[in-house]
Amino acid sequence: MYINNSGNTATIANNLTSHYADLATSTQRLSSGLRVNNAADDGAGLAIRELMRSEVTALQQGVRNANDAISLLQTADGALGVIDEKLIRMKELAEQAATGTYDSTQRMMIESEYQQMASEITRIANATDFNGLHLIDGTLSDDHNGKPATPTGAVKVHFGGGNDSAEDYYYIQIGSATASSLGVGNEANIESKAYTVSTQEQAQKALAGITDAIVSKDKIRAHLGALQNRLENTISQLQIQTENLKSAESQISDVDVANEMTNFVKNQILTQSAVAMLSQANSMPQMALSLIR
């Protein structure tokens, strides 16, 4: 029998420390819902998880970027719809001026409204913007140049987690829809068919010129529709990719509650048992007193 040193007590104390640490780990995992709470739990798993989380966050922001781009396209398309109404009215005026039943004074009244419609088209084109970015005045019709402090040309829509042109972004180009670009009204080239309706002959030419302008405008709108469909498909793909990444991250990071609860109960029992045995071990040196008496 030994009083100063007890091997049994030390062994039981070490077991208690180990079981208590395991119990604390199980408690932490069950309370957080995570299998990996720090690097000591699984260093490699932690590194993979953090990379996946960063990718998920980037993709979620990419979805918001794509949705913002859709809003931009819808703003441009809405303005082009109003311009469409002006072109239709201009064609109606050209048709009216093309007949011979009006004198020059009456035809000039028609011409006045015709030119006002053309000016309104330019005003709409110049006034249509999204977050300060002009959309249909020709600003976005050129190739993108990201070198200046203020990038010019096509809008770069970035939605991926990297910077690969084949996977992470593409450009939105929108043609100009000013009266000059469409070739209508006296802001256009004087040789344009739809320059004026001040005479019967010019009004007849304007009918063809306005038809060309409507076709040009419709091409821009069709391009916007195609881009919107592409962005919607991109969003769907990003959401699926995000969902799959979250699932993969969950397999690495999340705790299996059923399995961990089993470990918790086991460690709880072992801890309680070690505490009871430590109490018994501490009482054993007292038995040495029976030899002294």
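The values are calculated or read from the model by the stated rules, or taken from the named source; none is laboratory data. Small disclaimer: the values here were computed from a predicted structure and weren't measured. Positions of Cβ are generated from backbone atoms using ideal geometry, with glycine treated the same way; all protein chains shown enter the neighbour counts.
Listing for the model above:
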quantity	calculated
Residues located in the range 207-259, provided they are farther than 20 Å from Ala47 by Cβ and not in a helix (DSSP H, G or I)	Asp256
Top-ranked residue in the range 253-267 [being in contact with a helix residue (DSSP H, G or I) (Cβ under 8 Å, 6 or more places away or on another chain) and surrounded by fewer than 16 Cβ atoms within 10 Å (Cβ to Cβ); ranked as modelled with the highest pLDDT]	Met261
Those residues of the range 111-143 which are in contact (Cβ under 8 Å) with a residue 60 or more places away in the chain, in a helix (DSSP H, G or I) and either buried (at least 18 other Cβ atoms within 10 Å of the Cβ) or under 31 Å from the mean Cα position of the chain (by Cα) (or both), in sequence order	Glu111, Tyr114, Gln115, Met117, Ala118, Ile121, Thr122
Answer from Asn189, Asn126 - the residue that is of a type outside the set (Val, Ile, Thr) and closer than 30 Å to Arg230 by Cβ	Asn126
The listed residue being in contact with a Gly (Cβ under 9 Å, 6 or more places away or on another chain) and surrounded by 15 or more Cβ atoms within 10 Å (Cβ to Cβ), out of Leu238, Leu231, Leu207, Leu245	Leu238
Positions within the range 98-110 being among the β-branched types (Val, Ile, Thr) and either in a loop (DSSP other than H, G, I, E, B) or surrounded by 12 or more Cβ atoms within 10 Å (Cβ to Cβ) (or both), in sequence order	Thr99, Thr101, Ile110
Sole residue being over 29 Å from Thr75 (Cα atoms) and either at pLDDT 95 or above or out of contact with any helix residue (DSSP H, G or I) (no Cβ under 9 Å at 6 or more places or on another chain) (or both), chosen from Leu231, Leu289	Leu289
